[in-house]
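In what follows, a structure is listed as structure tokens, so that the remarks can point back to it.
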Amino acid sequence: MAVSRFCPPRKSCHDWIGPPDKHSNLQPVHFYIPENESPLEQKLRELRQETQERNQQFWANQNLTFLKEKEEFIDSRLKAKGLELRAESGQKATLNAEEMADFYKEFLSKNFRKHMYCNRDWYKRNLAITFFMGKVALERIWNKLRLKQKKTSN
Amino acid sequence: MAASPHTLSSRVLTGWVGGCVWYLERRALQESPRRFLHLLRNVNQQWVTFQHFNFLRHMYVTQLNRSFNQQIKPKPEPVPSPFLEKASLDEAKTEIYKMRPLSPASLSLSRKPNEKESIELEPTPVIEGSIAVGTETKEEKQWKEMKLRVDDLPGILARLSKIKLTALVVSTTSAGFALAPAPFDWPCFLLTFVGTGLASCAANSINQFFEVPFDSNMNRTKNRPLVRGQISPLLAVSFAACCAVPGVALLTWGVNPLTGALGLFNIFLYTCCYTPLKRISIANTWVGAVVGAIPPLMGWTAATGSLDAGAFLLGGILYSWQFPHFNALSWGLREDYSRGGYCMMSVTHPDLCRRVALRHCLALVAMSAAAPALDVTTWTFPVIALPINLYISYLGFRFYRDADRKSSRKLFFCSLWHLPLFLLLMLTCKRPAAQGDAGGPQS
């Protein structure tokens, strides 16, 4: 994945987000690791990293499978019709939307359980990530206030 | 947001007059169906974003003027938010984004439906050739720092809250308020307006929060703020809370508790029922129709304080309208739904999809006849609404019978102008306040 190749500028202390991935269409995030990363921040970052990887894997696989099975479906239908796979002009022969409807229906029902599992997983992770983001934000505010207090007392 | 005719018209969408402006705009859009088409290939949102369309149309024209050395047709590309990317498009960026072209559907009416190679697995034709050396740096240029800039925030929040959809929701609420048999009270109206708007913003934000990976895989929704990392999920949820709490509070204590309860219920229905249901069962369409029906109900209860027959009629009209509108739209998105895992009638039960659309077109006719019977309008209304009702029913029948993209598109386009016109006609034929007419009891 493109994330590993990317190197953010040294001065930056933010996460960086890249272009949509070729296969999964998801935009990868390069997470910034601060020097004084707290355990909570680390936990959050690792959770986000893991979620990103799982999503990437799922959607890349999903999209590739879709394309592959779509091609297979078109080929089998064209063969059944006795048509050539390529027309005279060299263009790939295709089926219209109504003919593809059977494939779409079949693909959706075949993948239903996979999606159910993925949805549940995604919802849980999304909520957990957001919850931890809230905790981290509060932690940071708390630290800032403590620092200010120390400064004013000194 | 860049100033555009539509931004202005969005602001003007206040009160029931909004319906007119919106209607005129839709008509303007209808005159450019070709470029408009690709925007219809979308799942979640039922309303087209005119600004997005304008931007894309500009891109399409710009691209056609460049001569690319490639095998596939140039496609308009979804330029990312103008907020993060102040630099204008350079060719390299254009190439990289070619990896994810918009559905080629957009460009020509004559295109075959199955040319939707928008699964984006075609290798970028240009990069792999001559400019491979520069690829890495160019790709690296695509990386954006996830730093929130304050001046970008309004635009980001507007897109997060689906401001245009919100404007339309508020228009239907205003129509409900205006049609209610009570004297038009401006303070109450404004409170309802703002409260409903805030509630809608909150619901839309949560919807986007839940759907990030799914939105990434659909052409229209892939430019949403959370998908692009322009805003963090925490901020999105906080924003939603900051809209929901004052919104519902305003409705409950500023208007009346019934309206507040309806608003809260609708937020719940949309975010916790409709959004997850989209991926579980086709029942989501019916739930979504109820979500669309509640705002005019809220407008009515805001004005009268009670839910009576007229309120339910108005709700019923919006409910029925959702079906020809959405079912026709979803007919052209079957591939995206299938790939993305969305359970929609158009994929799983295509016959039902068309039957339901037709059924509800006819229900609209019946309800316009019920309007005078329930003292909402005069008897002129069903008469003058008959032509448009018959027309949409006819298109519904054609869609039912032909089951093709052409008929689905026609039905969808018709639904876009049918509703505002229908509501406008209702307003013009509103039953005048009780002046001793034998029409019956008021509210």
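Restrict the check to the range B:195-217 and report whether at least one residue is in contact with a His (Cβ under 8 Å, 6 or more places away or on another chain), of a type in the set (D, E, K, R) and buried (at least 22 other Cβ atoms within 10 Å of the Cβ). Break it down stepwise before answering.
Just the residues of the range B:195-217 that are in contact with a His (Cβ under 8 Å, 6 or more places away or on another chain), to begin with: none.
No - not one qualifying residue is present in the range B:195-217.
Can you tell me which of B:Pro123, B:Pro154 is in a helix (DSSP H, G or I) and at pLDDT below 95? Walk me through how you get there before you give the answer.
Numbers: B:Pro123 fails: in a helix (DSSP H, G or I).
Answer to the selection: B:Pro154.
Listed residues A:Phe66, A:Phe58, A:Phe103; which is under 22 Å from the mean Cα position of the chain (by Cα), part of a helix (DSSP H, G or I), within 25 Å of B:Asp351 (Cβ to Cβ) and within 11 Å of another protein chain (Cβ to nearest Cβ)?
On the way: A:Phe58 fails: within 25 Å of B:Asp351 (Cβ to Cβ); A:Phe103 fails: under 22 Å from the mean Cα position of the chain (by Cα).
The conditions single out A:Phe66.
Regarding B:Leu190, is this residue more than 12 Å from chain A (Cβ to nearest Cβ), out of contact with any Ser or Thr (no Cβ under 7 Å at 6 or more places or on another chain), surrounded by 21 or more Cβ atoms within 10 Å (Cβ to Cβ) and part of a helix (DSSP H, G or I)? Spell out how you get there, then give the answer.
Values: more than 12 Å from chain A (Cβ to nearest Cβ): yes; out of contact with any Ser or Thr (no Cβ under 7 Å at 6 or more places or on another chain): yes; surrounded by 21 or more Cβ atoms within 10 Å (Cβ to Cβ): no; part of a helix (DSSP H, G or I): yes.
Considered against the rule, which asks whether it is more than 12 Å from chain A (Cβ to nearest Cβ), out of contact with any Ser or Thr (no Cβ under 7 Å at 6 or more places or on another chain), surrounded by 21 or more Cβ atoms within 10 Å (Cβ to Cβ) and part of a helix (DSSP H, G or I), B:Leu190 comes out as no.
Can you name every one of the helices (runs of 4 or more DSSP H) wholly within the range B:272-387 that holds 3 or more residues which are farther than 30 Å from A:Phe58 by Cα, more than 14 Å from chain A (Cβ to nearest Cβ) and open to solvent by 10 Å² or more (accessible area, probe 1.4 Å)? Quick ask: steps written out before the conclusion?
Working: elements: B:284-304, B:309-331, B:334-340, B:345-348, B:350-373.
Filter on the range B:272-387 gives B:284-304, B:309-331, B:350-373.
Can you find even one residue in the range A:23-40 that is touching a Leu at 6+ places or on another chain (Cβ under 7 Å) and within 10 Å of chain B (Cβ to nearest Cβ)? Spell out how you get there, then give the answer.
Applying the first criterion (touching a Leu at 6+ places or on another chain (Cβ under 7 Å)) to the range A:23-40 yields A:23.
Of the ones still in play, those that are also within 10 Å of chain B (Cβ to nearest Cβ) are A:23.
Yes; the residues of the range A:23-40 include at least one that is touching a Leu at 6+ places or on another chain (Cβ under 7 Å) and within 10 Å of chain B (Cβ to nearest Cβ).
So B:Ala240 ticks every box in (1) within 12 Å of chain A (Cβ to nearest Cβ); (2) modelled with pLDDT of 95 or more; (3) within 20 Å of the chain's Cα centre (by Cα); (4) open to solvent by 10 Å² or more (accessible area, probe 1.4 Å) but one. Which box is left unticked?
(4)
Please specify each residue of the range B:373-395 satisfying the condition of being small (Gly, Ala, Ser) and touching a Ser or Thr at 6+ places or on another chain (Cβ under 9 Å). Please lay out each step first, then the result.
If we filter the range B:373-395 for residues that are small (Gly, Ala, Ser), which is where we start, we get B:373, B:385, B:393.
B:Ala385, the sole residue that qualifies.
Quick one: would you say A:Glu71 is closer than 20 Å to B:Asn217 by Cβ, without any contact (Cβ under 8 Å) to a residue 24 or more places away in the chain and in a helix (DSSP H, G or I)?
Details: closer than 20 Å to B:Asn217 by Cβ: yes; without any contact (Cβ under 8 Å) to a residue 24 or more places away in the chain: yes; in a helix (DSSP H, G or I): yes.
It is true that A:Glu71 is closer than 20 Å to B:Asn217 by Cβ, without any contact (Cβ under 8 Å) to a residue 24 or more places away in the chain and in a helix (DSSP H, G or I).
Against the conditions (1) modelled with pLDDT under 90; (2) exposed (fewer than 14 other Cβ atoms within 10 Å of the Cβ), where does A:Leu95 fall short? Just the number, please.
Every condition holds for A:Leu95 apart from (2).
Please tell me if A:Glu98 is assigned to a helix (DSSP H, G or I), of a type in the set (D, E, K, R) and at the interface with chain B (Cβ under 10 Å from one of its Cβ atoms). Show your work before the answer.
Details: assigned to a helix (DSSP H, G or I): yes; of a type in the set (D, E, K, R): yes; at the interface with chain B (Cβ under 10 Å from one of its Cβ atoms): yes.
Spelling it out, A:Glu98 is indeed assigned to a helix (DSSP H, G or I), of a type in the set (D, E, K, R) and at the interface with chain B (Cβ under 10 Å from one of its Cβ atoms).
The values are calculated or read from the model by the stated rules, or taken from the named source; none is laboratory data. Remember, predicted model here, so these are calculated numbers, not experimental data. Here Cβ is always computed from backbone atoms with ideal geometry, including for glycine, and neighbour counts include all displayed protein chains. Side chains are part of the model used for accessible areas, which takes the heavy atoms of the whole protein and leaves out ligands, DNA and RNA. Shrake-Rupley method; radii C 1.70, N 1.55, O 1.52, S 1.80 Å.
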